[in-house]
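These notes are about the structure you will find just below.
The values are calculated or read from the model by the stated rules, or taken from the named source; none is laboratory data. Keep in mind it's a predicted model, so treat the numbers as computed, not measured. Using ideal geometry, Cβ is built from the backbone for each residue, glycine included, and neighbour counts are taken over all protein chains shown. When the accessible area is computed, the model is the full protein with side chains, heavy atoms only, and any ligands, DNA or RNA have been set aside. Shrake-Rupley method; radii C 1.70, N 1.55, O 1.52, S 1.80 Å.
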Amino acid sequence: MPTLSRRAFIGLGGAAAVGTGLSWRRLSGLDIPGRNTNALSIAINGTAQDAAANQGLIDAFNKVHPDIPVRITPIQGADWSDFFAKILTLVAAGTAPDVVMVATEGTQLFADRLAYPLDEYVMRDKADMQEFFDDVHPSLIESFMYKGNLFQLPLSWNAANIYMSSKAMQRAELDYPATDWTWDDFRSYIASMRKSATGSFRPFFWTNRLFGGVVPWLYTNNTNFIKPERFSGGEWLWKQFYPRQTGRSGGFRWEQPNAEDPKVVDTFEYIQDLIAENLASSPVQGGGNELVGRFSQGVIGMTPAGGYWVYGLQQAGMRRTDYDVAYFPRRTTQQQSFGAAGYAIMRSSKMKDAGWEWLKFCVSKDGMRIAQKHPDSSSARRSYNTELYQDAGPTHWQAFYDTLDKFPTTAPIPAPPQEAAVETALIKNVVNAVTGSRKNVKVALGTLQRDLELALAGE
């Protein structure tokens, strides 16, 4: 079993255990039917209904691999950090699953402590895998590399794009923005929306979290609250599958706090100005799902979200023409940000070969079509992304994948192995930085710098 420090377990797994009120047997998964069978155990962040929805995928996989029984175990987390905490509890109990669905927020945590590198499998089956890599943007692959090794194959992903209410745009007599629009253009757009609206309308609404919060603004100002660096290595993959690519690395490196960088200060001051001028909301805690209703009601002009919102808005009764999507505006650059998800094979698994076959099948064209039937996330495959959105997405639905194609420096949200502590530090200090007086910006960012130093120094 991978070694976990006491601090890591208490901070991630132990914290979840204390608050559940469940027995150790339930918490550790010992009471799950079939736990000790020879089935490939796959953990997903979701409900029993989510697990049941994957039965078609299991059936299709078993037609190809009848000798590999599969069991999908849903583990519901309030967010990805909560889900990862529960996985760590299973690891500590010696009942870890064989394969786990992991989002960007946990990629480096798993790569550092829990997951098995895929390099040997990828190269062994390179003839079969070439078609997959040909259909997937290299930025998605690079986001799942750590210290030169590949730990996941991307299934789905979402860029932080700007969703715009068509009603608000028309009322303010605004045209769709240029691809290279600027922060000044954005301010002008939402100011026009404010002037043309009445009541509780909010021109720009945003959520205080790692994805779609302050991070996209930092990226478009060529900075971040953790210094953007990269690991060396990865040539084995880039030379084999992306021979024309240059400048790719062994993965993103998030080790040095950067909260007091002048460009970070400039970014926070810009957002503070928008709030002070009543053009933007104060940052709201939590995920983005609650925004769907408000956006569909027309009380929000613009908000950050990814391709996953298309299906949510569709379910809320919005038509394709009721909204549109654009890139984040630029300051000094137009680098965009994204998060992705894919399966990881656990180091502790005794069924790694079977796990690899599951991963390969899930990223195949047939596997992806079975697993994702709705436009509820962008697909890692460029070809399937077109199938998902061309008849369901807004007018500029191509912006989802073009976020990678048009802006090749687009990168994943900053998520080191200590991501849970890092995100907590960010969220805690953002409110003070953008909602107080101008002098509070540097004070709050100084506190964020110290909090990040402690978080990144943790084991």
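Select from the stretch 75-89 the residues that are open to solvent by 10 Å² or more (accessible area, probe 1.4 Å) and not small (Gly, Ala, Ser) and write down the one among them that is farthest from Phe151 (Cα to Cα). Step by step, filter the stretch 75-89, then rank; the result is Gln76. With respect to the conditions (1) modelled with pLDDT under 95; (2) surrounded by fewer than 19 Cβ atoms within 10 Å (Cβ to Cβ), Arg209 lacks only one, and its number is (2). Taking (1) within 28 Å of Pro97 (Cβ to Cβ); (2) of a type outside the set (D, E, K, R); (3) out of contact with any helix residue (DSSP H, G or I) (no Cβ under 8 Å at 6 or more places or on another chain); (4) open to solvent by 10 Å² or more (accessible area, probe 1.4 Å) in turn, Gln170 satisfies each apart from (1). Among the residues of the stretch 122-156, the ones that are of a type outside the set (Asp, Glu) and under 19 Å from Leu404 (Cβ atoms) come to 17 in all.
Residues in the stretch 298-325 that are free of Cβ contacts under 8 Å to residues at least 40 places away in the same chain and of a type in the set (Gly, Ala, Ser) were compared, and the one that is nearest to Phe211 (Cα to Cα) is Ala316. On the stretch given as the stretch 39-81, residues that are within 21 Å of Phe110 (Cα to Cα) and among the β-branched types (Val, Ile, Thr) total 5.
Results for (1) aromatic (Phe, Trp, Tyr); (2) more than 30 Å from Leu118 (Cβ to Cβ); (3) in a strand (DSSP E or B); (4) touching a residue at least 12 places away in the same chain (Cβ under 8 Å), shown as yes or no for each residue.
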position	(1), (2), (3), (4)
Met193	no, yes, no, yes
Leu218	no, yes, no, yes
Asn221	no, yes, no, yes
Asn224	no, no, no, yes
Lys239	no, no, no, no
Pro243	no, no, no, no
Ser249	no, no, no, yes
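Looking only at residues of the stretch 72-118 that are among the acidic types (Asp, Glu) and touching a Lys or Arg at 6+ places or on another chain (Cβ under 9 Å), we find that the one that is farthest from Ser348 (Cα to Cα) is Asp79. Only residues that are at positive phi and not in a loop (DSSP other than H, G, I, E, B) were counted across the stretch 151-185, and they come to 0. Each residue in the stretch 353-388 was checked for being open to solvent by 40 Å² or more (accessible area, probe 1.4 Å) and among the aliphatic types (A, V, I, L, M), and 2 of them qualify. In summary, strands (runs of 3 or more DSSP E) completely within the stretch 29-140 and bearing 2 or more residues that are within 24 Å of Arg209 (Cα to Cα) and in contact (Cβ under 8 Å) with a residue 24 or more places away in the chain occur at 99-103.
Here Arg171 does not fit the description of being assigned by TED's automatic domain parsing to the domain that holds Val299, farther than 30 Å from Glu142 by Cα and in contact with a Pro (Cβ under 8 Å, 6 or more places away or on another chain).
The lone criterion from (1) part of a helix (DSSP H, G or I); (2) open to solvent by less than 50 Å² (accessible area, probe 1.4 Å); (3) in contact (Cβ under 8 Å) with a residue 24 or more places away in the chain; (4) not hydroxyl-bearing (Ser, Thr, Tyr) left unmet by Phe338 is number (1). Here's a check for you: in the stretch 404-459, which residue that is among the basic types (Lys, Arg) and in a helix (DSSP H, G or I) is most open to solvent (accessible area, probe 1.4 Å)? Restricting to residues being among the basic types (Lys, Arg) and in a helix (DSSP H, G or I), the top hit is Lys439.
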